[in-house]
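One structure coming up, written as structure tokens, with questions to follow.
Laboratory data are not the source of any read-out in this text; all were calculated from the coordinates shown. All of these numbers come straight from a predicted model, not from anything done at the bench. Methodologically, a virtual Cβ is constructed for each residue, glycine included, from the backbone with ideal geometry; neighbour enumeration extends over all protein chains shown.
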Amino acid sequence: MRAARLIKMVLLLQSRPAMTGAELARELEVSERTVTRDAQALSEAGVPVYAERGRAGGYRLVGGYRTGLTGLARSEAEALFLSGVPGALREMGLEDAASAARLKVSAALLPSLRDAPKAAAQRFHLDAPAWFREPETPEALVVVADAVWDDRCLRARYRRGDGEVVRDLEPYGLVLKAGVWYLCARVCGGGGFRTYRIDRFAGVEDLKDRFSRAEDFDLPAFWGEQAERFARSILRAEVVVRLTRTGVRALPHAVDPVAARDALATAGEADPCGWVTVTLRVESEDVAHTQLTALGAEVEVVAPESLRRRFTEDAGRLAELYGRA
């Protein structure tokens, strides 16, 4: 276990100019004290690791040092071939480059690992598009992806409402969500980051000018925050419901997961019969009616009264229908 950690530490320092003790501790999932001990052990073993104090300090390798500890284990080789998304690469115009890279990696593997690509492909597959829709590649995607890779500014005509707006953008990253492509970017010259659906671009022009990326931009973190903020922004109404134990388990599958998580986090104790009362944020009463109907008898609407009446009417019609049958 420690040997693997020491190897990872060397490879991390080899790939970056310097890392602080806190950064190494986070990457290695250990304490900073353990990082200090590991650095000392590496130094004693002949690996030229040294530490510098001060604001610009951190752990470094003596300039030019390279390790030969770059061989891949079977699990690492298989994981490597899981990292590509064939459909997404094809849509971005990178299929040939990805294919060439996989061939080069395969050729460099030990003979005992040559079957890793096939083993991984036959065990895992990522199907990115959503169900019940024909995936369409936005016309602008290849140009946008090329600009993203090379940090070049774009001029985009974006359909918004009944009109179009023109923006000069610094394209930072692409996200494929349920078959829909999004661009995370900010307006040239500064400002906050925003998300754009690429299929709403009426046209894009590569401005050829390169921009300097903000070093602290984290695409996965930004996307996660944006997605949760959007989910919360459309939840403008509240309903009070009672749930059985089964209803509690099924709620995140019937309504917005963010809304379900918030509601269950603030729920009180169950009553003697096991029912739990929660306040649930919903998009609208109509949406709540559709979503909560899926829970059947595992949910009872307490408020608002108008929604409760709708479920009462539903129950009456169902009783009449099945009673007649």
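Around Ala51, what is the net charge, scoring Lys/Arg as +1 and Asp/Glu as -1 over all other residues with Cβ under 15 Å from its Cβ?
Details: positive: Arg16, Arg33, Arg37, Arg53, Arg55, Arg60; negative: Glu23, Glu32, Asp38, Glu44, Glu52.
Local net charge: +1.
For region 281-294, just list the computed ³J(HN,Hα) in residue order, Karplus coefficients 6.51, -1.76 and 1.60, θ = phi - 60°, integers in Hz, with x standing in for Gly and Pro.
Couplings: 7, 9, 5, 6, 5, 4, 5, 4, 4, 5, 5, 6, 4, 5 Hz.
Out of region 1-58, which GluC sites (Glu not before Pro) are coil in DSSP terms and have no more than 12 other C-beta atoms within 10 Å?
Details: sites: Glu23, Glu27, Glu29, Glu32, Glu44, Glu52; in loops: Glu29.
Those satisfying the criteria are Glu29.
Could you size up the charge dipole of region 168-293 around its Cα centre, putting +1 on the beta carbon of Lys and Arg and -1 on that of Asp and Glu, and report it in debye to the nearest 20?
Values: 16 positive and 19 negative charges, 44 e Å.
With only Lys, Arg, Asp and Glu charged at Cβ, the dipole is about 220 debye.
Still on this structure, please answer the following. With θ set to phi - 60°, apply the Karplus curve 6.51 cos²θ - 1.76 cosθ + 1.60 along region 235-247 and write out the HN-Hα couplings as whole Hz, x wherever there is a Gly or Pro.
After applying 6.51 cos²θ - 1.76 cosθ + 1.60, I find 8, 9, 10, 10, 10, 10, 9, 10, 10, 6, 4, 5, x Hz.
Turning to a different aspect of this structure: DSSP loop (so not H, G, I, E, B), at most 12 other Cβ within 10 Å: list which trypsin sites (Lys or Arg not before Pro) in region 146-191 pass both filters.
Details: sites: Arg152, Arg155, Arg157, Arg159, Arg160, Arg167, Lys177, Arg186; in loops: none.
Passing both the DSSP loop test and the Cβ count: no residue.
Report the one residue of Phe230, Ala202, Ser284 whose Cα lies farthest in the direction of the positive end of the charge dipole of region 148-286 (charges on C-beta: Lys and Arg +1, Asp and Glu -1; origin at the Cα centre).
The residue sitting most towards the positive pole is Ala202.
Where the convex hull is taken over the Cα atoms of region 237-284, what is its projected area averaged over directions, in nm²? Before the final figure, lay out the partial values.
Details: hull surface 11.9 nm².
For region 237-284, averaging the hull's shadow over all directions gives 3.0 nm².
Can you give me the long-range amide H partners of Leu207? Hydrogens built in the peptide plane at 1.01 Å from N, cutoff under 5 Å, separation of 5 or more residues or another chain.
Cys153, Leu154, Arg155
Can you list residues whose amide H is under 5 Å from Glu139's amide H, if they're 5+ apart or on another chain and H is modeled 1.01 Å from N?
Amide H neighbours of Glu139, under 5 Å, 5+ apart: none.
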